[in-house]
Amino acid sequence: MARSAASSIRRVASLLTPLALALPVMVMAAPGARAVGMPQLDFSNPLVIGQVVWGAVIFLVLYLLLSRSALPKVEAVLTSRRQTIDNDLDIARRAKAEADSAVDELHQARRSAMAEAQANVDKVIEDARLAALRQTQDMNARLATEIHEAEARVAAARTAALGSLRQIADETAQVLVRQVTGTSVPADVVARTVDHAATARGL
Amino acid sequence: MAAGSTIDALGQFELHPVLGGLGEALRFSQSPLMMIVASVAVLAFLYVGMRPKAVVPGRLQAAAEICYDFIYNMAVDTIGPEGRAFFPFVFTLFFFILAGNYLGLLPFSFAFTSHVAVTVALALMVFVLSVIVSLKAQGAKFFAHFMPAGAPVALAPLLVPIEILSFLSRPVSLSIRLFANMVAGHVMLEMFAAFTIMLAGLGLIGDALAVGPVVINVALMALELLVGALQAYVFAILTCIYLREAVAH
């Protein structure tokens, strides 16, 4: 009996095996699969409704545990992480701002130091220039004074020389006239005549 | 179980009392047992994952935080700022269903989401919650939604029943979608597993051919992993959409 059933199955299988893998639907439609009906729809079984009651209780307990305990734990970790990251970012941002202002200060200090140094250099150069100028002026003034004095002395000497020249000319003229004519001429006539002669020669 | 010429694809959905007589008296089957296992798994995942409380999370903590962020963003993005209040509910819903779907894929386990009574209960809970929130947030204006804005008044006798019907069909589609997906997946797995056993009874050639359904079952398992996550997501996102309509003015 079992042998013949096995052989008949084998015969059918040898015909159908190529199709069998592709046609589960055929077997699903076989009467054997449906004869009992779906256990899910067997509402005479108290276990079918029982699982709904149990399910409600279990779902409620799961909901309460998740919403009161498990999920807030996750949320706390996520929140603390967000805060940690935000704090770290804040610290980093503040440090960066401090560094930036320090760099700015440094630049400012450098700039002002450079300006100060430049001003000092300028002042020193200006002072030196003014001192040199003043020295030159003093020197020029002294030289001018000395030249002036020398010129005055030359002029005085010349005037003195010219003065004594008239006297010599007067006396020489009087002597010459006396020697030539044997008569003496009054001094004022001689002086006048010499004056004329001297003026005519530009003396 | 499925040996022979018939395949018992639906036997896997039968409920049996666990813990002997006590389970029978308390109507405690393997379905609530798996609900408890799923709940404990979700809670353990969060508690154990978040225990380090590290600023730089490890792998398990990162996974727990990703799950939290995923549902939180879904709730807040979809519902709006009010979504924060519903976030724990959506989180519970998503991970209850997801854990149920995935636990059902383990051998000798049971998928409680493959029972229409469970999915209807979940969908009705969402439906009733959204109605309560609607009435609280919008008052009598809630009923104005059954008449689409801008539609001619003459069409009201046609439009209002259609809108009411579409509103009432929400829990139906919500529950049937999850239930049908899970049942179909488990039936498929059972079918191909049965093929393997049947083919293995055919001698040497059968042994060789029996590898085929096993390969297909491996692929189906991958598909079921996708479906399990997808259905949990669909359930959660639809819940969020209904709640958005409830809080919107």
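Read-outs throughout are calculated quantities, based only on the coordinates presented, and are distinct from any laboratory measurement. Bear in mind that the values here come from a model prediction, so they are computed numbers and not experimental data. Neighbour counts run over all protein chains shown; Cβ positions are idealised from the backbone, glycine included.
Relative to the longest principal axis of the Cα atoms of chain B, the long axis of helix B:211-247 lies at roughly 10 degrees. Rg and Dmax of the range A:44-147, based on Cα coordinates, read 43.6, 149 Å.
Fewest neighbouring Cβ atoms within 10 Å first, the residues B:Tyr47, B:Tyr102 line up as B:Tyr47, B:Tyr102.
How high is the FRET efficiency from B:Leu223 to A:Arg82, r the C-beta distance, R0 45 Å, rounded to 0.05?
Working: r = 39 Å, r/R0 = 0.86.
E between B:Leu223 and A:Arg82, to the nearest 0.05, is 0.70.
Using +1 at the Cβ of each Lys and Arg and -1 at the Cβ of each Asp and Glu in the protein assembly as shown, identify which of B:Gly150, A:Thr193, B:Phe108 lies farthest towards the dipole's positive end. It is B:Phe108, whose Cα lies furthest towards the positive end.
Note on A:Ala155 and B:Ile205: their simple-model spin labels are 15.8 nm apart, each label 7 Å out from Cα toward Cβ.
With a 10 Å cut-off around each Cβ of A:67-76, the average count of Cβ atoms from other chains is 6. Other residues whose C-beta falls under 15 angstrom from the C-beta of B:Ala75 contribute a net charge of -3, scoring Lys and Arg +1 and Asp and Glu -1. Rounded if a/c is under 1.5, else prolate if a/b beats b/c, else oblate: with a ≥ b ≥ c from the C-alpha gyration tensor eigenvalues square-rooted, which is the range B:78-248? Prolate, because a/c is 1.5 or more and a/b exceeds b/c. Here the mean projected area of the convex hull built on the C-alpha positions of the range B:180-240 is 3.8 nm².
Which order do B:Met188, B:Met182 fall in if you start with the one that has the fewest other Cβ atoms within 10 Å?
Values: B:Met188 19, B:Met182 27.
In order of increasing Cβ crowding within 10 Å: B:Met188, B:Met182.
With neighbour counts taken as other beta-carbon atoms within 10 Å, the residues A:Val48, A:Val180 rank, fewest first, as A:Val180, A:Val48. I'd like to know which of A:Ile85, A:Ser112, A:Leu71 lies farthest towards the positive end of the charge dipole of the range A:46-158, counting +1 on Cβ of Lys and Arg and -1 on Cβ of Asp and Glu. Going by the Cα projections, it comes out as A:Leu71.
When peptides B:208-214, A:103-109 are sorted by average Cβ neighbour count within 10 Å, with the highest value leading, the order is B:208-214, A:103-109. Within straight-line reach of A:Lys73, meaning a Cα separation under 26 Å, sit the following lysines at least 8 residues removed in sequence or on another chain: B:Lys53.
Within 10 Å of the Cβ of each residue in B:59-66, the mean number of Cβ atoms contributed by other protein chains is 1. For the range A:177-195 versus the range A:57-100, the inter-centroid distance based on Cα atoms is 141 Å. For peptide B:67-75, the mean count of partner chain Cβ atoms within 10 Å of a residue's Cβ comes to 2. For the Cα trace of the protein assembly as shown, dividing Rg by the Kirkwood Rh returns an Rg/Rh value of 1.85.
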